[in-house]
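Here the structure is laid out as structure tokens; the discussion comes afterwards.
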Amino acid sequence: MSFYEVIKSYENFDIDDYMENVTEYDVERSLEKDNLDEYDLLNLLSKKAIKYLEKMARKSNAITNQYFGKTICLYTPMYIANYCINKCVYCGYNSESGIKRKKLNMDEIKIEGQAISKEGFKHLLLLTGESNIHSNVEYIGQAVEILKPKFSSIGLEVYPMEVEEYEYIVNKGVDSLTVYQEVYDEKIYKEVHIKGPKSNYKFRLDAPERGAKAGMRSLSIGALLGLNDFRKETFFTLLHGKYLRKNYPNVELSYSVPRIRPFKGCYEGIKEVTDIDLVQAMLCIRLFDNHGGINLSTRENLDLRKNLVPLGVTKLSAGVSTDVGGHSQENGDTAQFKISDESKVSDIKEMLKSIGYQHVFKDWERF
């Protein structure tokens, strides 16, 4: 059984109707429980639960402090290529977007890694556009070999791979995998992924599981909030997490809540996700999965990230450039999207200190 079958099992269940009929009693009853089921999750995702966000926040904060303490792991992404063979209507890497394309060679990757390492980072997220032609597995593997002496953890956010390819990458030194389904609604998925390998909904959906089978220590999943009703997407993201936990209990699991940011050729069909919506999604993640990590990226501005940290955040990106080689080179017009928080690493450290949190650059050591 794959997670696709779990999604299919909800085809005849009217989520909108259920949430429309949630009562305050339903929300209060779910909030009193320590272990939530799917119906509790829908209760807390409903509009009726907005009235209880403060109570949800207090409980979420207590749970996070219990299991994670007041430490936040800082990491940064490193873009090494932006070639893409997909046509996705919401993405700046879209093969027809017209952005400048660039791919770092191994010498440039080494220089970029050195620049990032000097900032103190030990957790690195390696990104490319989705093209196994321009950024094949061997290219990524070579990059990892060059970078791993300076970083205790290297994560990957690239195109979905087969199990054997993930095994190759793990053997090179990658320990974590990020794959966002983008949107769990299969109909919308097909509408926004017009052509290219990414249009294969099920192959992407099963990618985190293939990564787990290949030996990835950590998985990060999420939906791109704004392509569909955030409530439904959060619901299926958490069901996906539950499925992965059940089948791969030794894998560390994290969630992300990225909202669509402006990019070249911006998609007009975006569904608004307000700050309150984002808060509700994050609180439901923490209350449904007490042990899961929550990543918060520079898609959100510094002030908002400051306010969101106590709600369950465990990891923050910092010192971010979404340009290819952006930490060591001057590259214009190669970014996937415009970030919202351009703060320096020192600003993030100071922000965390001001609210009683401690930053860490390393929370895991490769043996």
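Where in region 267-333 are there GluC sites (Glu not before Pro) that are in a DSSP coil and have at most 12 other Cβ atoms within 10 angstrom of their Cβ? Don't skip to the answer; put the middle values down first.
Details: sites: E268, E272, E300, E330; in loops: E268, E272, E300, E330.
The qualifying sites are E268, E272, E330.
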Exercise. Within the set of other residues whose C-beta is less than 15 Å from the C-beta of A207, count the net charge using Lys and Arg as +1 and Asp and Glu as -1.
Key: -4
Exercise. Would you kindly compute the Cα radius of gyration of region 64-159 and its largest Cα-Cα separation (Dmax), both in Å?
Key: 15.3, 48
Exercise. Could you work out the mean projected area of the convex hull around the alpha carbons of region 1-150, in square nanometres to one decimal?
Key: 14.1 nm²
Self-check item: At 1.002 mPa s and 20 °C, Stokes diffusion of region 103-143 via Kirkwood alpha-carbon radius, µm² per second
Solution: 192 µm²/s
Self-check item: Largest to smallest accessible area among R286, R299, R29 [probe 1.4 Å]
Solution: R29, R299, R286
Quiz item: Taking 1 over the mean of 1/r across every pair of different Cα atoms in the chain, what Kirkwood radius in Å do you get?
Solution: 20.8 Å
Practice problem: Would you mind checking which residues have amide H under 5 Å from L177's amide H? H placed 1.01 Å from N; only 5 or more apart, or other chain. | Solution: L156, S218, L219, S220
Practice problem: Can you tell me the order of 350-356, 240-246, 315-321 when each peptide is scored by its average per-residue count of other Cβ atoms within 10 angstrom, highest first? | Solution: 315-321, 240-246, 350-356
Quiz item: Okay, helix-only estimate at 222 nm for the chain: each DSSP H run of n ≥ 4 adds -39500 (n - 2.57), divide by all residues, round to 500 deg cm²/dmol; what do you get?
Solution: -11500 deg cm²/dmol
Quiz item: Over region 209-259, what lengths in whole Å, largest first, do the semi-axes of the equivalent ellipsoid take, defined as the square roots of 5 times the eigenvalues of the alpha-carbon gyration tensor?
Solution: 22, 11, 8
Quiz item: When every alpha-carbon pair in region 266-330 is counted, what percent end up more than 15 Å apart?
Solution: 61 percent
Exercise. With a 1.4 Å probe and every protein chain left in place, tell me how much accessible area D34 has, in Å² to the nearest 10.
Key: 120 Å²
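What percentage of the solvent-accessible surface of region 155-256, computed with a 1.4 Å probe over protein heavy atoms, is contributed by carbon and sulfur atoms? Display every interim value, and only then the final one.
On the way: 1680 of 3460 Å².
Heavy-atom surface of region 155-256 belonging to carbon and sulfur, 1.4 Å probe: 48 percent.
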Exercise. Would you mind working out the accessible area per residue for the chain, using a 1.4 Å probe, and quoting it in Å²?
Key: 43 Å²
Self-check item: Long-range Cα-Cα pairs in region 174-271 (distance over 19 Å), rounded percent
Solution: 43 percent
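Looking only at the chain, where both bridge partners belong to it, what percent of the DSSP beta bridges are antiparallel (to the nearest 5)? List each step's numbers first, then the result.
Values: 3 of 37 bridges.
Among the beta bridges of the chain, antiparallel pairing accounts for roughly 10 percent.
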Quiz item: If Lys and Arg each add +1 and Asp and Glu each add -1, what is the summed charge of the other residues whose beta carbon sits under 12 Å from the beta carbon of A49?
Solution: 0
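For region 76-147, which whole-number percentage of the solvent-accessible area (1.4 Å probe, protein heavy atoms only) is attributable to carbon and sulfur atoms?
On the way: 1210 of 2650 Å².
For region 76-147, the apolar C and S fraction of the accessible surface comes to 46 percent.
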Quiz item: Of all the Cα-Cα pairs you can form in region 138-216, what percent are over 15 Å apart?
Solution: 56 percent
Quiz item: How high is the relative contact order of the chain, in percent, counting Cα pairs under 8 Å that sit 6 or more residues apart?
Solution: 23 percent
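Which entries in the list K315/K353; K122/K344; K33/K232; K110/K349 go over 19 Å, if you measure between the two C-alpha atoms of each?
On the way: K315/K353 15 Å; K122/K344 16 Å; K33/K232 22 Å; K110/K349 26 Å.
Over 19 Å Cα-Cα: K33/K232; K110/K349.
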Self-check item: Between region 1-31 and region 134-196, the Cα center-to-center distance that results, in Å
Solution: 31 Å
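The values are calculated or read from the model by the stated rules, or taken from the named source; none is laboratory data. Because the structure is predicted, anything quoted here is derived from the model rather than measured. Glycine also receives a Cβ, built like all others from the backbone with ideal geometry; neighbour counts cover every protein chain displayed. When the accessible area is computed, the model is the full protein with side chains, heavy atoms only, and any ligands, DNA or RNA have been set aside. Shrake-Rupley method; radii C 1.70, N 1.55, O 1.52, S 1.80 Å.
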